[in-house]
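The values are calculated or read from the model by the stated rules, or taken from the named source; none is laboratory data. In this text the structure is predicted, and so the values were computed from the model without any measurement. For neighbour counting, all protein chains shown are included, and Cβ atoms are generated from backbone atoms with ideal geometry for every residue, glycine included.
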Amino acid sequence: MTRRLAIVMTAGALLVGGCGGKNPSLDEWIKSTLLPTPTSAKIVLVASHLPDERREALQAIAKDRKALKEESVVKLFCHVARTDKDALVRGAAVRGLAGMEGQNVLETLTHVAANDAVPHVRADAVRALGARVPPEGMAAVGGVLNDDSDVDVRIAAAEALRHFRQKEAAETLVATLSDRNLTVAQKAWESLRYMTGQDLPRDGQAWTAYLASADQPFARYGKAPPLPKGESQRPHLTKGLGEFFRGLFKKDPLEAELE
């Protein structure tokens, strides 16, 4: 009931006031008052009992830049991101929050990133934090990178941290270079190269020395050098698809699968 009331009030606010115009003309006022706007009509669908309708409605609302600035719309997305029973619907709300502002947005994204039961929703939350780059969000993304139980979520966090041009973010990535999961360590290394533009190996000591000595460690931000090839640098990508299948016929299948 609370959610339905919030949705009705949000739609009503958009019907009466539009999406932010302070002095509408008579024609605009008549249209906005007597005819439902596309966004307000979609907001009503967020109360649908069908998850697909709710998800599609949120995706449509997120494309309306004016609506994203409305406090009532922001509150609605925050509420859905935290409480909807369907993970795909929660994910749509989280992705929409990436384009919104406000303390409630940051609090919701950090909460979802750390607590949602479904990995892909947590991953969406850390990506949204990376897209918005709030200074307070860096610790939340770093915490997910260090503590989350799902590899894909940790990979998303390692990629999201590259958007925070702060030494603390880079230091968190450096600490991840020795992670037992090679894919997570690889993503952390790629993010460091993206942040600094430096062609350093995947070695924590080398990166620590660079960060300690550089006056402007992010001067070449976004200019990542080409990734080198070689087993020592990219151990999980050294074997091509053709080589893998040829190996299946030379060795015991179970033995080849373990490589």
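Pairing each residue of segment 214-235 that is more than 12 Å from Tyr194 (Cβ to Cβ) with any residue that is at pLDDT below 90 and among the basic types (Lys, Arg), provided the two are 6+ apart or on different chains, yields C-beta distances under 8 Å for Pro228/Arg234. Going through Ala214, Ala256, Ala224, Ala209 one at a time, which residue ends up being modelled with pLDDT under 60, small (Gly, Ala, Ser) and surrounded by 10 or more Cβ atoms within 10 Å (Cβ to Cβ)? Ala256 is the lone residue from the list that is modelled with pLDDT under 60, small (Gly, Ala, Ser) and surrounded by 10 or more Cβ atoms within 10 Å (Cβ to Cβ).
If you go through segment 186-206 and keep only what is hydrophobic (A, V, I, L, M, F, W, C) and either in a helix (DSSP H, G or I) or at positive phi (or both), you end up with Ala188, Trp189, Leu192, Met195, Ala206. Only residues that are under 23 Å from Ala47 (Cβ atoms) and part of a loop (DSSP other than H, G, I, E, B) were counted in segment 99-116, giving 4.
Among the basic types (Lys, Arg) and closer than 22 Å to Thr108 by Cβ - does that describe any residue in segment 151-160?
Yes; the residues of segment 151-160 include at least one that is among the basic types (Lys, Arg) and closer than 22 Å to Thr108 by Cβ.
Would you point out which residue out of Asp116, Asp124 is of a type outside the set (S, T, N, Q) and more than 13 Å from the chain's Cα centre (by Cα)?
Exactly one residue qualifies, and that residue is Asp116.
Annotation: of all residues in segment 43-88 being of a type in the set (Val, Ile, Thr) and farther than 18 Å from Gly102 by Cα, the one that is surrounded by the most Cβ atoms within 10 Å (Cβ to Cβ) is Ile43.
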